[in-house]
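Everything on this sheet refers to the single structure shown next.
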Amino acid sequence: MTILIIDGKEIDVPAEYTLLQACEAAGAEIPRFCYHERLSIAGNCRMCLVEVKGGPKPVASCAWGVRDCRPGPKGEPPEISTRSPMVKKAREGVMEFLLINHPLDCPICDQGGECDLQDQAMGYGVDSTRFAENKRAVEDKYLGALVKTSMNRCIQCTRCVRFAAEVCGVPEMGATGRGEDMEITTFLESALTSELQGNLVDICPVGALTSKPYAFAARPWELTKTQSIDVMDAVGSAIRVDTRGREVMRILPRVNEAVNEEWISDKTRHVVDGLRSQRLDRPYIRENGKLRAASWPEAFAAIAAKVKGVDGSRIGAVAGDLAAVEEMFALKDLLARLGSTHVATQIGDAFDPAAGRASYIFNPTIAGIEQADALLIVGSNPRKEAAILNARIRKRWRSGQMKIGVIGEAADLTYSYDHIGAGTDSLSDLVDGQHSFSDVLKNAKHPIVLVGASVASRPDGAAVMAMLAKLALDIGALGEGWNGFGVLQSAASAVGALDIGFAGGLRKAGEADVLFSLGADEIDPAAGAFVVYIGTHGDRGAHRADVILPGAAYTEKSGLYVNTEGRVQIAARAGFPPGDAREDWAVIRALSDVLGHKLPYDSLAALRQAIFKAVPHLIRIDAIAAGDASSINALAARGGSVDKATFKSGVTDFYLTNPIARASAVMAECARLASGQMLTAAE
């Protein structure tokens, strides 16, 4: 620790701190443009100038280390001033330089009201300039479907360049020219390929990079802000949903150090237009092969007439990727009263809840990746299945303290790795110690075996999972305070479904004569099955349905979700469903009354009380109920024979994984650009 005197206040800070961090620890406010806590230091905007006593000129506090400060002549602590006349004059000068070429675009700029340059010009600038020369003009650049450029506003802070290279791992941006001719651009004048590029808009301190889909749509003071969580994947990123009236205008990240830090994926951010496209806003009944609009009583009567003559063992339910715990619990309860235990998620009975929670959650936790020193990825592509988790892996890899091995597809994961092989043969070699990476895993203090959810859904999934559990035990991945066996789920509903027992008993949707589909679109019901679809969009599931009951999207209801690491979270209601659509649990509750098996909860609070009574750990919001490590021992003991088939990721197209994304024109354009770029690279 090092003692400093900052604005007359003595403070003790770590020696590795920068002056900027030390000043903020002392309560001083330091303006900045190029500095960002999660990026490398550039030191090129000079806005963070402070005065060091005895120094001839102000210094850039972001690039000046605490350990570089010299003590006074008699050994007294270094003195720093953040409010002296020298500092005030220096900051005013820097702001004047920054504004030489900056256009007066505030009335038409999408960053207006949320702009660092606006705020700091008001706080640290002056009301006039000594420069009368013409402002320079810079050509706007094409960055793809998500990021809109207005490069006349750029102040060359290089945050975007560093973010693309360091966090995204796709170094496609850079600076050309020198001095006044310097420009930020992409190297090949093509669309950016990162799944995290939307964050460029957040980190840009001016209006040079703005959101293309959101351009000229709204002002920040018009919007109602609702804190919620994302369900586009199983990470459960913290988000803020901004609405105007009934309409969701945009989705932004919230800081959550344990999950997504302050980033979100492009699908999370730009799926907004899918929430208002192809929506189901009234019930439908299929008559003579065609769907017709109906009333709620008509739809319920049609379902009751069909269910009445069907044995309970021939009734099933499948939950889609976006289903919340409440509606899955209510549907499972209803089926139990109808005499059925045939419930499952879209991946069937891949995981067995009876095996224990540790067998299907990401036990090391997302934040725990930063403690790992070896990582084995099996049958997963984290970049497509969980882009935010992949960024966390890259962050740890960049520290040089983690080695990575992959069994499965040799994909571009934004970090280098040892490709061990593609199938179970390579896994067997690793288990037997016949590959060099087995020594890396055994010598690691905190190894992680990351298993993709698609591994468990293979025909030999149980045997492969047993083999991987045995490997985790053999390499010492389960020790004091550490469980390195982690399953990366790809669906937001997966862990919650397993926690409440909404799994097993329905290997294939084709086994049921009457099938309740809770937003499940990637299933194939039997040819003559009667399908009741409870969902939000006119996707594949609705096209196959005999009765459609319109539900609420994740921004239109309050719902419990459990992310891949087992963290319980609440998605808050930011708006209301369109037309006659209702919250899914309420639809199921109303249907139960018509079917003669009335569910015993009339409110969301009563339903949640029933859930918490059945599964107590779900009451602990934003907490993780750790899995019992003995579950991994039991899983390893199951054994079984494995096939020779290669491992494949469960996600083929990052942008089109669920009904909301498939209804989005922005996601469709991103998917088109991504496929075009891959084709060009192959050629």
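The values are calculated or read from the model by the stated rules, or taken from the named source; none is laboratory data. Computed from a predicted model, the values in this text were never measured in an experiment. Cβ sites come from the backbone with ideal geometry, for glycine too, and all protein chains shown count toward neighbours. Note: areas computed on protein heavy atoms with side chains; ligands, DNA, RNA excluded. Shrake-Rupley method; radii C 1.70, N 1.55, O 1.52, S 1.80 Å.
Overview of results
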item: Residue-level accessible surface for residue 608, protein heavy atoms, 1.4 Å, Å²; result: 40
item: Tilt relative to the chain, helix 461-474 - C-alpha long axis, 0 to 90 degrees, to 10; result: 50
item: Over 23 Å (Cα to Cα) - which of 445/470; 395/557; 384/557; 308/598 fall in this group; result: 395/557; 384/557
item: Carbon/sulfur fraction of accessible area - the chain, other protein chains in place, 1.4 Å, %; result: 51
item: Solvent exposure of the chain as accessible area per residue, Å², 1.4 Å probe; result: 41
item: Rh by Kirkwood over Cα pairs, then Stokes-Einstein D for region 415-464 at 1.567 mPa s and 4 °C, µm²/s; result: 106
item: Cβ-placed point charges (K, R +1; D, E -1), dipole of the chain about Cα centre in debye, nearest 20; result: 720
item: Average Cα contact separation per residue, region 108-210, under 8 Å, 6 or more apart, as relative contact order %; result: 34
item: Dipole axis of the chain (+1 Lys, Arg; -1 Asp, Glu on Cβ), positive-most option in 637, 606, 31; result: 606
item: Rounded to 10°, Cα long-axis angle of helix 325-337 versus longest principal axis of the chain; result: 10
item: Relative contact order for the chain, counting Cα pairs under 8 Å that sit 6 or more residues apart, in percent; result: 14
item: Ratio Rg/Rh, restricted to region 210-330 and using Cα atoms, in which Rh is the Kirkwood radius; result: 1.09
item: Solvent accessible area, Å² - residue 263, 1.4 Å probe, full protein context; result: 10
item: Average Cα contact separation per residue, region 518-611, under 8 Å, 6 or more apart, as relative contact order %; result: 18
item: Hull shadow area, averaged, the chain [alpha-carbon convex hull, nm²]; result: 33.9
item: Region 24-75 - convex hull of the alpha-carbon atoms, volume per residue in Å³; result: 99
